[in-house]
Each structure stands twice: as structure tokens, then as C-alpha cells.
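Following: one structure in C-alpha cells, then a few remarks.
The values are calculated or read from the model by the stated rules, or taken from the named source; none is laboratory data. Quick caveat, the model's predicted, so the values are computed rather than measured. Don't worry about glycine lacking a Cβ; one is built from the backbone with ideal geometry, like all the others, and counts go over all protein chains shown. In case anyone asks, the SASA skips ligands and DNA or RNA and just uses the protein heavy atoms, side chains included. Shrake-Rupley method; radii C 1.70, N 1.55, O 1.52, S 1.80 Å.
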Amino acid sequence: MLRITMSIPQTSGTTPAPRGHVAIIGGGYTGAIIAHLLSERSHDSLASITVYEPRETLGAGLAYGNGDVDLRLNVAAHRMRAVPGDPAAFIKWLDTKSRLTTDPGSITRGGTFSRRRDFGLFMKDLLQPALESGRIAHVRQQVTRVERDGSTWAITRADGQVDNADTLIIATGHASPKIPDQIPASLIRSRRCLPADRLETMIGEIAPEESVFILGTGLTALDVVASLRSRNHVGPIHLVSRNGLLPRPHAAGDFPPHGTFERVEPTALGLLRHVRSLTAEAEKNGLPWQSVMDALRHQGQAIWKQFPEPEKKRVLRHLRRLYEVHRFRMPPQVEALLKSCGEQLITVSRGRLESVRDIHGRLELGIRRTKDPRHEALQVDRLVIATGPDSSNLLDYQKLLRSMRDSGYLVPDPLGLGIACDDHCRAISAAGLPQSSLIIAGPLTRGTFGEITGVPEIAAQAVAIADTVIRQAGVSRRTISITR
Ligand SMILES: Cc1cc2nc3c(=O)[nH]c(=O)nc-3n(C[C@H](O)[C@H](O)[C@H](O)COP(=O)(O)OP(=O)(O)OC[C@H]3O[C@@H](n4cnc5c(N)ncnc54)[C@H](O)[C@@H]3O)c2cc1C
């Protein structure tokens with residue numbers, strides 16, 4: 001029996017033109033999981049799936065590409081529900097690779113907190129079969145420009161080659177951290193001041209006894225502390241941010257999310273009150289506050305949709321940092337590290353960096369502490385900028401996105417969190433219209449969806465995007481059997 005597979009365009013009047021060539025720009029977790037789902041679900045009905053990603057592997061991106069074995073996931077491994085339809089895939093992979101034996105440090109009272117690098121390797125393995133079979137192509141190139149070319153998109157790569165695609169998915173992820181204006185460019189060049197995202201390649205230059213000032217007190221700052229300490233750093237480490245708030249710890253054991261936000265008053269104050277009342281209720285029931293934050297996270301997208309824009313702005317202005325330190329919690333290994341170091345080695349404080357000067361090869365930092373308005377001068381050997389990805393300059397920090405904004409294909413969302421898109425992730429043009437062949441994915445869509453940073457939320461969005469793209473391709477597969 002000869003089986004012939006034919007791709008037949010749908011003929012309904014409203015069906016868009018076939019869109020069989022799909023290009024994904026950015027192959028971090030977001031781009032990689034979308035490519036995987038497209039390859040699994042399209043049953044070869046798409047002409048091609050190409051991921052443009054300069055990094056060596058797909059799925060690693062900013063979060064999981066760092067080779068430092070001391071950087072841990074900030075949620076327990078069983079919560080990394082990375083593969084839709086197979087929520088335990090990562091746990092099974094850890095088991096198959098005997099990671100619980102080779103990495104006993106991953107097991108803590110709060111669950112298994114694996115190495116971030118391992119999650120990157122897991123994603124690499126997930127994508128490998130489709131890469132080998134050619135169902136997914138990985139082009140190791142930065143994309144520098146995208147333009148409309150009739151009904152397709154012309155994609156210019158850093159090597160000058162131009163490819164065409166019918167559907168374009170922007171998954172370029174996190175922007176670089178903002179370099180504060182106070183830091184002269186010459187100090188960045190001299191490598192005395194380092195952005196945290198370049199630390200992996202530069203950390204060897206920091207001598208163990210040097211004093212290090214870390215600007216920022218979030219998870220990125222704690223990554224820097226973990227990396228330094230794993231290299232036996234003994235010099236003083238100062239962490240400073242405007243609010244001086246560290247990510248909170250995880251609670252021991254497993255517990256269900258507590259509370260519903262269905263009827264929350266859609267105001268910043270209403271939300272805060274509701275969280276407080278649910279927390280008191282949870283505690284009465286013997287549940288930790290973390291159970292309420294987990295419920296808030298799970299219902300985050302639905303809550304965000306209910307809030308009018310002025311209240312969203314109020315939430316961002318007044319509650320964002322508070323939310324982040326409770327939502328993005330530190331891995332138990334880092335909690336233990338901070339406890340063991342004590343204040344002689346690591347200090348955390350509130351303050352503002354006002355000036356940075358080079359004094360004979362050392363740095364003199366002008367700081368205004370929140371508790372003491374006098375100007376303080378602190379001499380250190382290094383300054384690490386660990387303020388985290390800067391979403392406010394998303395359409396400015398790289399050539400591709402700048403050019404797409406200048407051409408009117410992309411605009412920032414009204415809250416300045418990412419790129420404007422509708423509920424189907426279709427990019428909104430400068431003319432205010434959704435573009436069905438231009439899709440925005442992952443944390444870039446924060447303005448529309450609110451809570452879309454963690455792996456499970458991105459995975460759920462990836463399903464919706466993959467299904468839309470396959471549907472839009474306007475191609476239905478028909479298998480015709482010819483009996484000879
Ligand atoms: C340090 C860190 C730790 C995290 N830890 C966890 C965790 O433990 N658990 C959890 O659930 N979530 C975690 N997250 C959040 C979450 O997993 C990330 O938000 C997610 O990985 C986002 O992936 P992304 O692909 O959208 O972005 P990114 O990881 O930023 O990847 C974007 C990719 O796009 C590529 N790219 C950019 N521009 C171009 C271009 N012009 N051409 C070609 N390629 C381009 C980049 O090279 C990059 O690889 C973490 C996030 C960070 C930053």
C-alpha cells in the first residue's frame with residue numbers, strides 16, 4: 001500500500017493564505033518550546049520551522065545557558081512543567097540522567113532544586129530528535145532586520161543572508177540590564193564595572209579577596225553571590241538596592257495553593273487587602289504564606305485582565321517589588337549560603353548609587369543610604385550591575401527590535417513592560433492593528449498577560465501560539481491511501 005500525504009489549503013473564504021514557513025527569532029526556552037510544539041503538533045503540515053538563535057543550543061537562553069553549577073532553579077524541579085502534555089518530563093529526565101545521585105546538593109527540605117544548567121541540557125535533549133530529522137532548523141545567527149516582502153517577512157541575518165517566512169514569532173526574551181548613567185563607559189571597558197549577564201566570562205578576573213559591590217538585591221544579585229562564593233571568594237560583598245529587599249525563602253514541604261482571587265476588587269489596594277486576608281486565613285489552616293502567593297501566581301493572568309489600566313499602573317508602582325520578592329523566591333541552597341556567610345562577608349542595605357569614580361585602579365562609590373541621607377563614599381575593587389533585565393528599553397536595546405519599531409511593526413505596550421500584542425499574541429502595529437503573521441511570545445507579552453515569566457506559564461502560552469500558527473497556516477493534511 002502506498003501512502004501519499006498531501007497538504008491541501010483550506011478553501012473557506014475567510015482562511016488566510018497558506019503560511020507554511022515559520023521563523024522563530026530567539027531560541028531560549030520560549031522559542032524552543034514553541035518550535036517543539038509546532039513540530040509535534042503540525043504533523044509535518046508546516047513547510048519549515050526555523051529558529052534563529054546565536055547560542056550553541058536551543059532552550060537555554062539567558063536563564064539556563066550559564067554553565068555555573070552553583071546556579072540553581074528558583075522553583076522545585078517538579079514545578080518546572082516545561083513540556084505541555086508531559087508535566088513530569090524534566091523530573092523523568094533528571095532520573096534518567098541519575099542527577100539526583102550525581103548532584104546530591106539539589107535535594108533540600110523544600111524539594112529538588114536542580115542546577116539551571118541541567119534544565120538547559122534537558123531542553124537540548126528534548127529538541128534533539130526534531131533537529132536531527134530536520135523538522136526544526138537551528139540557524140546560529142543573530143537577526144538584525146525584518147521587513148515586509150509582499151505577503152511574507154524578509155529576515156536579514158547578521159551574515160547578510162536574507163530568508164523569507166510566512167509567519168514570524170518574536171521570542172527574543174529578556175533585555176540587557178540598564179547601565180546606570182552614573183557609571184562612565186570607560187569603567188565598563190576597563191571591566192571594573194561588570195553587567196551581571198557578562199559575569200560568567202569575566203568572573204575569573206575577580207580575585208577572591210577583592211571587595212565587590214553588587215547593585216541590586218534580587219535573584220540576579222544572589223546569582224552573583226553564589227558564583228563568587230563557589231570560587232571561594234572571601235572579600236566583602238555589599239548588596240545595595242533602593243528597597244534593600246531580598247527574595248524571600250521557600251517554605252518546606254509540599255502544600256496546595258490557597259485562595260481564590262475571582263472576586264478580588266480590581267484595585268491595587270483591593271488586591272493587597274485580599275492577599276493579607278488570605279494569608280491570615282492560610283496561617284490559621286497551618287499553611288504558609290507561600291501557598292497564597294502560589295494561588296496568586298496561578299490566577300495572575302485572569303486577575304491582570306480584570307484590572308483597569310490605571311490600577312495596573314498603581315500595582316506596578318506600589319506593589320511590584322513586594323510581589324516580586326515573594327513570587328521569585330531564593331533557592332534553599334542560596335538561603336543556606338547567606339546564613340553561613342553572615343554579615344562580616346555579605347551586607348544588604350537600602351540606598352542609591354550616586355557616583356562612581358576611578359581612584360588609582362579602585363572604585364570610589366558615592367552612596368546615599370536610605371536611613372542616613374548623608375553622602376557616603378565607599379571604596380571597592382569591583383562593581384557588578386545586577387539590576388536584572390530592563391524591560392523599559394525593550395524596543396531600544398537591540399538593532400532588530402529598534403528597526404521593527406521604526407517600521408511600525410512593533411510598539412511598546414502601554415505599561416512599558418514589553419511589546420504590545422492582543423490576547424492571541426498577535427503584535428499590534430503602530431496603526432493599532434493586530435498582525436496575524438507576527439506573533440510575540442514569552443515574557444515580552446507581560447503587558448497583556450501580566451504573569452508570564454515562569455516556565456509553566458510560558459509553556460501554556462506556547463500551546464496556544466503553536467495551535468494558532470498551525471491553524472493559520474491554512475493547511476490541512478489529508479492522507480490518501482492508494483491500494484496497488
Ligand atoms: C536568570 C534567570 C533565572 C530564571 N530561573 C527560573 C526558574 O528557576 N524557574 C522558572 O520557571 N523560570 C525561571 N526564569 C524565568 C524563565 O524561565 C524565563 O523567563 C524564560 O526562560 C524566558 O525565556 P525566553 O526564551 O523568552 O528569553 P531568553 O532566555 O532571554 O532567550 C531569548 C533568546 O533570544 C535570543 N535572541 C535575542 N535577540 C535575538 C536576535 N535578534 N536574533 C536571534 N536571536 C536573538 C537570545 O540569544 C536568547 O537566547 C528565570 C529567568 C532568568 C533570567
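Worth a mention:
- Here is the figure for the stretch 299-333: residues that are touching a strand residue (DSSP E or B) at 6+ places or on another chain (Cβ under 7 Å) and open to solvent by less than 40 Å² (accessible area, probe 1.4 Å) total 4.
- Gly85 in contact (Cβ under 8 Å) with a residue 12 or more places away in the chain, out of contact with any Pro (no Cβ under 7 Å at 6 or more places or on another chain) and of a type in the set (Gly, Ala, Ser): no
- Sole residue being open to solvent by less than 40 Å² (accessible area, probe 1.4 Å) and over 26 Å from the mean Cα position of the chain (by Cα), chosen from Val234, Val264, Val275: Val264
- The set of residues in the stretch 67-94 being open to solvent by 40 Å² or more (accessible area, probe 1.4 Å) and on the phi < 0 side of the Ramachandran plot consists of Val69, Asp70, Asn74, His78, Arg79, Arg81, Asp86, Pro87, Ala88, Ile91, Lys92.
- Selection of the stretch 284-298 for residues being over 19 Å from Val325 (Cβ atoms) and either open to solvent by 90 Å² or more (accessible area, probe 1.4 Å) or of a type in the set (Val, Ile, Thr) (or both) yields Lys284, Asn285.
- On the stretch given as the stretch 38-60, residues that are at positive phi and open to solvent by 10 Å² or more (accessible area, probe 1.4 Å) total 2.
- Near pairs, Cβ below 6 angstrom, 6+ apart or cross-chain, from the stretch 164-175 (more than 13 Å from Glu53 (Cβ to Cβ)) to any residue that is within 13 Å of the ligand (Cβ to nearest atom) and in a loop (DSSP other than H, G, I, E, B): His174/Pro389; Ala175/Pro389; Ala175/Asp390; Ala175/Leu394; Ala175/Tyr397
- Residue that is farthest from Ile33 (Cα to Cα), among those in the stretch 126-163 that are basic (Lys, Arg) and open to solvent by 80 Å² or more (accessible area, probe 1.4 Å): Arg148
- Which listed residue, of Gln141, Gln182, is of a type in the set (S, T, N, Q) and touching a Phe, Trp or Tyr at 6+ places or on another chain (Cβ under 7 Å): Gln141
- Residue in the stretch 186-201 that is in the same structural domain as His233 (by TED's automatic domain parsing), within 29 Å of Ala35 (Cβ to Cβ) and assigned to a strand (DSSP E or B) present: yes
- Leu363 closer than 28 Å to Arg191 by Cβ, open to solvent by less than 30 Å² (accessible area, probe 1.4 Å), in contact with a Lys or Arg (Cβ under 7 Å, 6 or more places away or on another chain) and part of a helix (DSSP H, G or I): no
- Test result for Leu353, in a helix (DSSP H, G or I), under 16 Å from His238 (Cβ atoms) and not aromatic (Phe, Trp, Tyr): no
- Of everything in the stretch 210-231 that is surrounded by fewer than 20 Cβ atoms within 10 Å (Cβ to Cβ) and part of a loop (DSSP other than H, G, I, E, B), the residue that is nearest to the ligand (Cβ to nearest atom) is Arg231.
- Taking the stretch 89-147 as the range and being assigned to a strand (DSSP E or B), more than 13 Å from the ligand (Cβ to nearest atom) and farther than 30 Å from Leu401 by Cβ as the test, the residues that pass are Ile107, Thr108.
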